[in-house]
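Enquirer: Have a look at this one.
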Amino acid sequence: MKFEIQSLIFERFFGLNIGVVIAHNIDNFGLSEEIMKRIKEMEKDIRSAYNTETLSQLPLILNWRKAYSSFGAKPKRHKSSVESLYRMVLKGVGLKHINKIVDIYNYVSLEYMIPVGGDDMGKVKGDITLRFSLGDEPFIPLNSREVETAREGEVVYADDEEVLCRRWNWRESDRTKMTEDTKDVVLVVEGLPPVGREELEVVIEDLSLLVLEHCGGEIRAEILDKNRCFIEI
């Protein structure tokens, strides 16, 4: 299986780096009390440091708003995954336990104010590509059975059969969602400027260590950029 980023993505989004964490043979059953405690502590810190009125102007949020606008998504309606998480917290909605691997990447997203997501590799059909949509690919949103169609020009993750995530990191697919039965995952950490390669390396190292500590398995981390557009996973 290959994870690839269309070269045009790097041309359009200068300075983009994508961290990829591949984990095989994980144990995703149960709940990590430590991770949930960390999430609750982060929620308190976020509520004391930020507010909904000025959140959109923070550089690490504004960069994604500009990226979304560039491919026709309206940031007020379609928010990046990290902005959605922060707004949920600022509105007083605590993050609930989903499963260990999702809890971990939600925590890392909050900690570093950066989008993190992923897919169950056992449910992916063929390769995964981050690219611009052709406008005719099907997509079934998380926890839904209704089939949508990604608009032409959207940035999407897709496998050989359908879109896995619309509007870059806005909405994930139901088919490749991670559950307690998940054994193999590919996680992505998306770094747009002002996040640079060095900052991204810190994030993916932290993510890798947390997965290893709480889920076990074999972990490998890579960074893709304009000079390295794909890896075998």
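The values are calculated or read from the model by the stated rules, or taken from the named source; none is laboratory data. Bear in mind the structure is a predicted one, so any value in this text is a computation, not a measurement. In this analysis, Cβ positions are derived from the backbone assuming ideal geometry, glycine residues included, and neighbour counts consider all displayed protein chains. Heads up: the accessible areas ignore ligands, DNA and RNA and are worked out on the full protein's heavy atoms, side chains in. Shrake-Rupley method; radii C 1.70, N 1.55, O 1.52, S 1.80 Å.
Enquirer: Output the number of residues of the stretch 222-233 satisfying the condition of being assigned to a strand (DSSP E or B) and either among the small types (Gly, Ala, Ser) or open to solvent by 90 Å² or more (accessible area, probe 1.4 Å) (or both).
Expert: Number satisfying all stated conditions: 3.
Enquirer: Hey, does the stretch 127-134 have a residue that's open to solvent by 10 Å² or more (accessible area, probe 1.4 Å), under 30 Å from Glu34 (Cβ atoms) and either out of contact with any Lys or Arg (no Cβ under 6 Å at 6 or more places or on another chain) or of a type in the set (A, V, I, L, M, F, W, C) (or both)?
Expert: Looking through the stretch 127-134, none of the residues is open to solvent by 10 Å² or more (accessible area, probe 1.4 Å), under 30 Å from Glu34 (Cβ atoms) and either out of contact with any Lys or Arg (no Cβ under 6 Å at 6 or more places or on another chain) or of a type in the set (A, V, I, L, M, F, W, C) (or both).
Enquirer: In the stretch 49-70, what residues are of a type in the set (Gly, Ala, Ser), under 17 Å from Leu192 (Cα atoms) and out of contact with any Leu (no Cβ under 9 Å at 6 or more places or on another chain)?
Expert: The answer is Ser69, Ser70.
Enquirer: So is Leu95 assigned to a loop (DSSP other than H, G, I, E, B), touching a helix residue (DSSP H, G or I) at 6+ places or on another chain (Cβ under 6 Å) and among the hydrophobic types (A, V, I, L, M, F, W, C) or not?
Expert: It is true that Leu95 is assigned to a loop (DSSP other than H, G, I, E, B), touching a helix residue (DSSP H, G or I) at 6+ places or on another chain (Cβ under 6 Å) and among the hydrophobic types (A, V, I, L, M, F, W, C).
Enquirer: Now, a different point. Report whether or not Leu85 is out of contact with any strand residue (DSSP E or B) (no Cβ under 7 Å at 6 or more places or on another chain), surrounded by fewer than 19 Cβ atoms within 10 Å (Cβ to Cβ) and among the hydrophobic types (A, V, I, L, M, F, W, C).
Expert: no
Enquirer: Mind checking whether some residue in the stretch 71-79 is touching a strand residue (DSSP E or B) at 6+ places or on another chain (Cβ under 8 Å) and either closer than 17 Å to Pro193 by Cα or assigned to a loop (DSSP other than H, G, I, E, B) (or both)?
Expert: yes
Enquirer: Among the residues of the stretch 35-57, are any touching a Cys at 6+ places or on another chain (Cβ under 9 Å), assigned to a helix (DSSP H, G or I) and more than 19 Å from Phe13 (Cα to Cα)?
Expert: The answer is no, given that none of the residues of the stretch 35-57 is touching a Cys at 6+ places or on another chain (Cβ under 9 Å), assigned to a helix (DSSP H, G or I) and more than 19 Å from Phe13 (Cα to Cα).
Enquirer: Can I ask one more? For the structure I just gave you, tell me whether Glu152 is free of Cβ contacts under 8 Å to residues at least 24 places away in the same chain and touching a Gly at 6+ places or on another chain (Cβ under 7 Å).
Expert: yes
Enquirer: Could we say that Ser80 is surrounded by fewer than 17 Cβ atoms within 10 Å (Cβ to Cβ), polar (S, T, N, Q) and modelled with pLDDT of 95 or more here?
Expert: When the stated conditions are applied, Ser80 does not pass them.
Enquirer: Something else about it: Taking the options Phe29, Phe14, Phe71, name whichever one is open to solvent by 50 Å² or more (accessible area, probe 1.4 Å), aromatic (Phe, Trp, Tyr) and either more than 26 Å from Val185 (Cα to Cα) or without any contact (Cβ under 8 Å) to a residue 40 or more places away in the chain (or both).
Expert: Exactly one of Phe29, Phe14, Phe71 is open to solvent by 50 Å² or more (accessible area, probe 1.4 Å), aromatic (Phe, Trp, Tyr) and either more than 26 Å from Val185 (Cα to Cα) or without any contact (Cβ under 8 Å) to a residue 40 or more places away in the chain (or both), namely Phe14.
Enquirer: Just to be sure before I move on: is Glu34 in contact (Cβ under 8 Å) with a residue 60 or more places away in the chain, open to solvent by 50 Å² or more (accessible area, probe 1.4 Å) and under 18 Å from the mean Cα position of the chain (by Cα) in the structure I sent?
Expert: Here the answer is no, as Glu34 does not meet what is asked.
Enquirer: Can you pull out every residue in the stretch 15-63 that is out of contact with any helix residue (DSSP H, G or I) (no Cβ under 6 Å at 6 or more places or on another chain), under 25 Å from Ile128 (Cβ atoms) and not hydrophobic (A, V, I, L, M, F, W, C)?
Expert: Scanning the stretch 15-63 gives Gly15, His24, Asn25, Asn63.
Enquirer: Picking from Gly126, Gly122, which residue would you name as being outside any helix (DSSP H, G or I) and small (Gly, Ala, Ser)?
Expert: Among Gly126, Gly122, only Gly126 is outside any helix (DSSP H, G or I) and small (Gly, Ala, Ser).
Enquirer: Can you give me the number of residues within the stretch 80-108 that are polar (S, T, N, Q) and closer than 21 Å to Pro194 by Cβ?
Expert: Final tally of qualifying residues: 3.
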